[in-house]
Amino acid sequence: MILSTSIVRLRDKLPLTASTDDTLNQNDISKYTGEQKDILRKLTDASEPRASIESGPYTHHYLISNGVVYITLCEKSYPRKLAFTYLDELDKEFVNSYGHRLDSDDLRAFAFITFENYIQKTRRVYEDTRTSVNLDKLNAELQDVTRVMTKNIEDLLYRGDSLDRMTNLSSSLRAESSKYRKAAKKINFDAMIRQYAPVAGAGLIFVFLIWWMFLR
Amino acid sequence: MRSTLNAVPTTNSLLKKSKLPFAVIIQPYTTLREDEAPVPVVSDSVISRCRRCRTYINPFITFIEQGHRWRCNMCNLTNDVPTAFDWDARNQKQVDRWSRAELNHSVVEFVAPPEYMVRPPQPLIYTFLIDVSAPAVASGLVATTARTILESLDRIPNKDKRTRVAFICVNQSLHYFSIPPPPAPSEPAMLVVSDLDEPFLPIPHNLLVPLAECREGIELLLNKLPDMFANSASTGNAMGPALKAAHKLIGNIGGKIVCLMASLPNLGIGKLEPRDDKKSLSAGAEKSLLHTQNSFYKAFAVECSKSQVTVDMFLFSSQYQDVASLSNLPRYTSGQTYFYPGWNAGRSEDAIKFAHEFSEHLSMEISLEAVLRVRATNGIRMNTFYGNFFTRSSDLCAFPSFPRDQSYSVEVAIDETIAKPFISLQAAVLHTTCNGERRIRVMTLAIPTTQNLADVYASADQVAITAFYAQRAAEKALSSGLPEARDLVVGKLVELLTTYRKELMTSNVGASAPLQFCANLRLLPLLFLALIKHVALRKTAAIPSDLRSAALDLLGTLPVKYLLQYIHADLYCLHNMPEEAGKPDEKTGEIVLPPKLNLSAALIERYGLYLIDDGQTQFLWVGRDAVPQLIMDVWGLPSLEHVKTGKTTLPVLDTDLSQRINAVISKLREKTGSIVWPNLYVVREDGDPALKLWASTFLIEDRADQGASYREFLTNMRERAN
């Protein structure tokens, strides 16, 4: 089942349109909307143009085309090929209707919200995975093999984080160790002084006595 | 936005000493549709807000450091000015920052950037729950509703083409209608669910359908609806389960549920018993009659508010319908209760009234998923909020849908001494328009401060004070009881008079001094007397609790303009109108109204023709000695005996008087901020005594059953103040 769909401009992550979800409860879906936002944040021009990211019982599928990201949340059992055909169809219709306005700078968020009607219609057509039309589409394309990269969402989200953490740890470790070295040197020096101070003092007194008694 | 005090005392002790209430009446929308009163819009999404108190930039801030920073007028923090204020990045040129709307107008609307959205903008959704039990069909409710909705389909706001509708008919079981979208054949199908304990949706799709797409199917359904239930003989009404089912249908998105009922819900959850036993209209039981009978209505209201669902109630019944319980749903979900007692479609006036009001209600450009927050200068705090909404956390008011014909008031408290020369109050409403845009409407008000008690009294706004006390009295009546509400109003008036006399009058007045009050508050005793004599609060055992509940609802939500008219009706003398009254004015083209009179029977001549209008009902009073020529001019009948009393429509004749009277009546019925279309009743002085009694209750300056006349009231006040 296709649950929620969003269309976002790539360069500034401005949301252009989305489907209002009437299948999942507001509370359940907020976790996945948060994940969707995280994924969108990490996407750049150099990212993989088509990918599926698994997360719990659901999967996020996204497609980047002409500077626009089409992302949808589907159940894990929903065929991946069908999801991408769905996204392709949305892409074609969206560019057809609004392509010329996509680059303007003063576009407000959700400016093309009327497109939601088309999203709902297309979603209904794709919902039923048993219809023959959809089965044909399943068999015809080999998207799975050639174009789609599957990842796990934890890898995507935490990869950057752990590397950062490593660099932070190592630089802090280095700073701490240089501090310790300085402190250790200082302590050693102090200990040495303390050790030899009485001996040096006694020697000085002895020399002075000798001078006083014999060389005056 | 209107404050009760136009010179604010600097300390709390001064405010307490003056005994004047400090409150703000907030009405973000004054008309039902946006284009009738447009507000400047800042469309470039550059919203500058104070870093500490989150106030929006407004005309009362000061720029410092040659305009590089601005000082907030609420918390005195300096903030940076965003670069877009001076430089238009798109056209690459300098702009004058003072031409920006938010620095020049105190009411502006900002277009909200994505940070203000929790989810994509909600589409407008209407779910109609129509009662099709025998009483409803017999009174013609079903047929009139279907026809009105059909005619108003074009008026429902649908600019973004996403508006969706659903229909559920209710009698002893729930009837759902599935309307398949084109290209499937758009023959709507009815699905009946009789399980009331766990109402479920029979099919997942096609119950909630887009209006633009499935227009044909919806029209087919509405045409067939009256015939489908024409022979229904069931008297069951399972509105409670229907409400739960509708909530399940739209709960994930939000929207409006409109309930139209002509009988008491008597099946399933939310069942109500008729409890208006005439014997129990005594003082003690009266209070409990105003409370809800069944806790379902309060609990369900909270659930609805959380899922952004609003419930409106349209109630038509000739018998007890427990308006008190049912009106809890609209009250906490920012809806409204509309009560039509004894409605019957057979009377054309009733049908026209409902059709007009329902059509206006559907075409109202409401806002969705809204929240309201009021901020003020440091040292000032919002204390209590009054109106139809749900208070989520201490100062955030949640409105699943924001109507345009209601007003709200906030009581303000002064916590610390104010050192500035003026204070500011800002109300911000974050909402989604019915066209799918997320916007913020910001209203800012600046009021000077003073340390002088005389200034505080001289600047008090009696209209705002009355409006505030009307809302407080309505709330008090529901929480403590009617006598307490009346005592609250009268007690406050006595306090004000006493304080004025003690503090502000020169000392050489004796115990038998005349009653003194400052000029700007001199109508306050009259307005307060009108308030306690109003149907909602009047001390009498003769008013049915349904009428009282409906009146209390109106007191608590009417905009100030209509509230004043509601408690103090307008009385026009029609037989002695000046020449230009009733005809269009030369300059504005508006019909000129005749002058208004004081509400006293002493001014009513025995041969005269008068019009009493309180915004909800109109009375045409004909004196018993009216000349036959007058009757002929207005009704075309030879003499007074032939004039029928009661709810009627005035005939439009060729005579000058008839034309002018009809012009005046239709002008009074045009309202830009309210959906109400008043009914006209003809009252003869020598006619039906019940009708005459009803009309004379509007003449508040006179003595009535258990109510003092204006003169007696003032004397009483004088004694209590001395």
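Could you list, in sequence order, all residues of segment B:401-439 that are more than 14 Å from chain A (Cβ to nearest Cβ) and assigned to a loop (DSSP other than H, G, I, E, B)?
Matches in segment B:401-439: B:PRO403, B:ARG404, B:ASP405, B:GLN406, B:SER407, B:ASP415, B:GLU416, B:THR417, B:ILE418, B:ALA419, B:LYS420, B:PRO421.
Residues being under 19 Å from B:GLU34 (Cβ atoms) and at the interface with chain A (Cβ under 7 Å from one of its Cβ atoms): count how many of those fall in segment B:111-121. If you could, list the steps in order and put the result at the bottom.
Going through segment B:111-121, the residues under 19 Å from B:GLU34 (Cβ atoms) turn out to be B:111-112, B:121.
After this cut, where a residue has to be at the interface with chain A (Cβ under 7 Å from one of its Cβ atoms) as well, the list is B:111, B:121.
Summing the residues that are under 19 Å from B:GLU34 (Cβ atoms) and at the interface with chain A (Cβ under 7 Å from one of its Cβ atoms) in segment B:111-121 gives 2.
Okay, residues lined up against (1) within 14 Å of chain A (Cβ to nearest Cβ); (2) of a type in the set (D, E, K, R); (3) touching a Lys or Arg at 6+ places or on another chain (Cβ under 7 Å):
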position	(1), (2), (3)
B:ILE47	yes, no, no
B:CYS53	no, no, yes
B:ALA84	yes, no, no
B:GLU102	no, yes, no
B:HIS105	no, no, no
B:GLU109	yes, yes, yes
B:PRO123	yes, no, yes
B:SER152	no, no, no
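Can you tell me which residue among B:ASP415, B:ASP455 is touching a residue at least 40 places away in the same chain (Cβ under 8 Å), touching a Lys or Arg at 6+ places or on another chain (Cβ under 8 Å) and open to solvent by 20 Å² or more (accessible area, probe 1.4 Å)?
Working: B:ASP455 fails: touching a Lys or Arg at 6+ places or on another chain (Cβ under 8 Å).
Result of the check over B:ASP415, B:ASP455: B:ASP415.
For every residue, the table says whether it meets (1) farther than 28 Å from A:ASP106 by Cβ; (2) not hydrophobic (A, V, I, L, M, F, W, C).
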{"residue": "A:VAL8", "(1), (2)": "no, no"}
{"residue": "A:THR17", "(1), (2)": "no, yes"}
{"residue": "A:THR20", "(1), (2)": "no, yes"}
{"residue": "A:LYS31", "(1), (2)": "yes, yes"}
{"residue": "A:SER55", "(1), (2)": "yes, yes"}
{"residue": "A:HIS60", "(1), (2)": "yes, yes"}
{"residue": "A:SER65", "(1), (2)": "no, yes"}
{"residue": "A:VAL68", "(1), (2)": "no, no"}
{"residue": "A:GLU75", "(1), (2)": "yes, yes"}
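Could you list all residues from segment A:74-107 that are more than 14 Å from every other protein chain (Cβ to nearest Cβ) and aliphatic (A, V, I, L, M)?
A:LEU82, A:ALA83, A:LEU87, A:LEU90, A:VAL95, A:LEU102
Here is a list of conditions, (1) open to solvent by 70 Å² or more (accessible area, probe 1.4 Å); (2) over 20 Å from B:ARG684 (Cα atoms), and B:ALA530 meets all of them except one; can you say which number that is?
Of (1) open to solvent by 70 Å² or more (accessible area, probe 1.4 Å); (2) over 20 Å from B:ARG684 (Cα atoms), only one is false for B:ALA530: (1).
When segment A:28-45 is examined, which residues are found to be within 14 Å of the chain's Cα centre (by Cα) and away from chain B (no Cβ under 14 Å)?
Within segment A:28-45, A:GLU35, A:ASP38, A:ILE39, A:LYS42, A:LEU43, A:THR44 meet the criteria.
Across segment B:222-261, what is the number of residues that are of a type in the set (A, V, I, L, M, F, W, C) and over 12 Å from B:CYS169 (Cα atoms)? Please lay out each step first, then the result.
Looking only at segment B:222-261, we keep the residues that are of a type in the set (A, V, I, L, M, F, W, C), and these are B:222, B:225, B:228-230, B:233, B:238-239, B:242-243, B:245-246, B:249-250, B:253, B:257-261.
This time we only want the ones that are over 12 Å from B:CYS169 (Cα atoms), so: B:230, B:233, B:249-250, B:253, B:257.
Here the count works out to 6.
Grab the helices (runs of 4 or more DSSP H) fully contained in segment B:495-604, keeping just those with 3 or more residues being modelled with pLDDT of 80 or more and closer than 24 Å to B:SER334 by Cα.
Per the criteria, B:545-557, B:560-567.
Name the single residue, out of those in segment B:188-244 being away from chain A (no Cβ under 14 Å) and of a type in the set (Lys, Arg), that is nearest to B:ILE125 (Cα to Cα). I'd like the intermediate steps shown before the answer.
So in segment B:188-244, the residues away from chain A (no Cβ under 14 Å) come out as B:188-200, B:202, B:216-244.
With of a type in the set (Lys, Arg) added as a condition, the list becomes B:224, B:244.
Details: B:LYS224: 22, B:LYS244: 16 Å.
Going through the qualifying residues, I end up with B:LYS244.
May I ask you to verify whether B:ILE257 is within 14 Å of chain A (Cβ to nearest Cβ) and in contact (Cβ under 8 Å) with a residue 24 or more places away in the chain? Spell out how you get there, then give the answer.
Numbers: within 14 Å of chain A (Cβ to nearest Cβ): no; in contact (Cβ under 8 Å) with a residue 24 or more places away in the chain: yes.
Criteria not met by B:ILE257.
With the condition kept exactly as written, say whether any residue in segment B:677-692 is touching a residue at least 60 places away in the same chain (Cβ under 8 Å), of a type in the set (Ser, Thr, Tyr) and open to solvent by 50 Å² or more (accessible area, probe 1.4 Å).
No; the residues of segment B:677-692 include none that is touching a residue at least 60 places away in the same chain (Cβ under 8 Å), of a type in the set (Ser, Thr, Tyr) and open to solvent by 50 Å² or more (accessible area, probe 1.4 Å).
Only one of B:PRO82, B:PRO114 is touching a Pro at 6+ places or on another chain (Cβ under 6 Å), farther than 18 Å from B:GLN426 by Cβ and without any contact (Cβ under 8 Å) to a residue 40 or more places away in the chain. Can you tell me which? Even if it seems obvious, please write down each step before you answer.
Values: B:PRO82 fails: touching a Pro at 6+ places or on another chain (Cβ under 6 Å).
Among B:PRO82, B:PRO114, only B:PRO114 is touching a Pro at 6+ places or on another chain (Cβ under 6 Å), farther than 18 Å from B:GLN426 by Cβ and without any contact (Cβ under 8 Å) to a residue 40 or more places away in the chain.
For B:THR83, are the conditions met, namely being hydroxyl-bearing (Ser, Thr, Tyr), more than 28 Å from the chain's Cα centre (by Cα) and modelled with pLDDT under 85?
Details: hydroxyl-bearing (Ser, Thr, Tyr): yes; more than 28 Å from the chain's Cα centre (by Cα): yes; modelled with pLDDT under 85: yes.
Yes.
Within segment B:1-83, which strands (runs of 3 or more DSSP E) (wholly inside it) include 1 or more residues that are closer than 28 Å to B:SER459 by Cβ and of a type in the set (Val, Ile, Thr)? Reasoning before the result, please.
Values: elements: B:23-26, B:62-64, B:69-71, B:78-80.
Per the criteria, B:23-26, B:62-64.
Which ones in segment B:159-187 are over 34 Å from the mean Cα position of the chain (by Cα), away from chain A (no Cβ under 14 Å) and open to solvent by 30 Å² or more (accessible area, probe 1.4 Å)?
The answer is B:PRO185, B:GLU187.
Of all residues being at pLDDT 85 or above and of a type outside the set (D, E, K, R) in segment B:204-217, which is surrounded by the fewest Cβ atoms within 10 Å (Cβ to Cβ)? Just the residue, please.
B:ALA212
Pick from segment A:108-123 the residues that are closer than 17 Å to B:LEU208 by Cβ and at the interface with chain B (Cβ under 7 Å from one of its Cβ atoms): which of them is least open to solvent (accessible area, probe 1.4 Å)? Write out each step before concluding.
Step one: of segment A:108-123, the residues closer than 17 Å to B:LEU208 by Cβ are A:116-117, A:119-121, A:123.
Those left that are additionally at the interface with chain B (Cβ under 7 Å from one of its Cβ atoms): A:116-117.
Values: A:GLU116: 1, A:ASN117: 38 Å².
Applying the filter and picking the extreme gives A:GLU116.
Restricting the search to segment B:71-88, which residues are of a type outside the set (D, E, K, R) and either within 17 Å of B:ALA376 (Cα to Cα) or crowded, with 16+ Cβ neighbours inside 10 Å (or both)? Before you say what the answer is, go through the steps one by one.
Initially, segment B:71-88 is screened for residues of a type outside the set (D, E, K, R), giving B:72-79, B:81-85, B:87.
If the condition is that a residue be of a type outside the set (D, E, K, R) and either within 17 Å of B:ALA376 (Cα to Cα) or crowded, with 16+ Cβ neighbours inside 10 Å (or both), then B:CYS72, B:ASN73, B:MET74, B:CYS75, B:ASN76, B:LEU77, B:THR78, B:ASN79, B:VAL81, B:ALA84, B:PHE85 are the ones that fit.
Counting only residues that are at pLDDT 85 or above, more than 24 Å from the chain's Cα centre (by Cα) and not in a helix (DSSP H, G or I), how many does segment B:273-316 have? Steps first, answer last, please.
Residues of segment B:273-316 that are at pLDDT 85 or above, as a first pass: B:295-316.
From what's left, more than 24 Å from the chain's Cα centre (by Cα): B:295-296.
The next check asks that each one be not in a helix (DSSP H, G or I); those that pass are B:295.
Qualifying residue count, segment B:273-316: 1.
Checking B:VAL108 against (1) open to solvent by 10 Å² or more (accessible area, probe 1.4 Å); (2) farther than 30 Å from B:PRO226 by Cα, which test does it fail?
Just one mismatch for B:VAL108, condition (1).
Just checking, how many residues over segment B:592-634 are open to solvent by 40 Å² or more (accessible area, probe 1.4 Å) and aliphatic (A, V, I, L, M)?
Looking only at that region, the number is 7.
Here is a list of conditions, (1) in contact (Cβ under 8 Å) with a residue 40 or more places away in the chain; (2) open to solvent by 20 Å² or more (accessible area, probe 1.4 Å), and B:LEU637 meets all of them except one; can you say which number that is?
It is condition (1) that B:LEU637 fails.
Could you please find all residues in segment B:548-566 being over 17 Å from B:LYS287 (Cα atoms), surrounded by 23 or more Cβ atoms within 10 Å (Cβ to Cβ) and among the polar types (S, T, N, Q)?
B:THR557
Looking for whichever is open to solvent by 10 Å² or more (accessible area, probe 1.4 Å) and modelled with pLDDT of 90 or more here; the options are B:LEU220, B:LEU150. Which one fits?
On the way: B:LEU220 fails: modelled with pLDDT of 90 or more.
Answer to the check: B:LEU150.
Might you let me know whether segment B:451-464 holds any residue that is within 14 Å of another protein chain (Cβ to nearest Cβ) and either closer than 30 Å to B:VAL42 by Cβ or in contact with a strand residue (DSSP E or B) (Cβ under 7 Å, 6 or more places away or on another chain) (or both)? Working first, answer last.
So in segment B:451-464, the residues within 14 Å of another protein chain (Cβ to nearest Cβ) come out as none.
No, the conditions are met nowhere in segment B:451-464.
The values are calculated or read from the model by the stated rules, or taken from the named source; none is laboratory data. Everything numeric in this text was worked out from a predicted model, so none of it was measured. Note that each Cβ is placed from the backbone with ideal geometry, even for glycine, and that neighbours are counted across all protein chains shown. All accessible areas refer to the heavy atoms of the entire protein, side chains included, with ligands and DNA or RNA removed. Shrake-Rupley method; radii C 1.70, N 1.55, O 1.52, S 1.80 Å.
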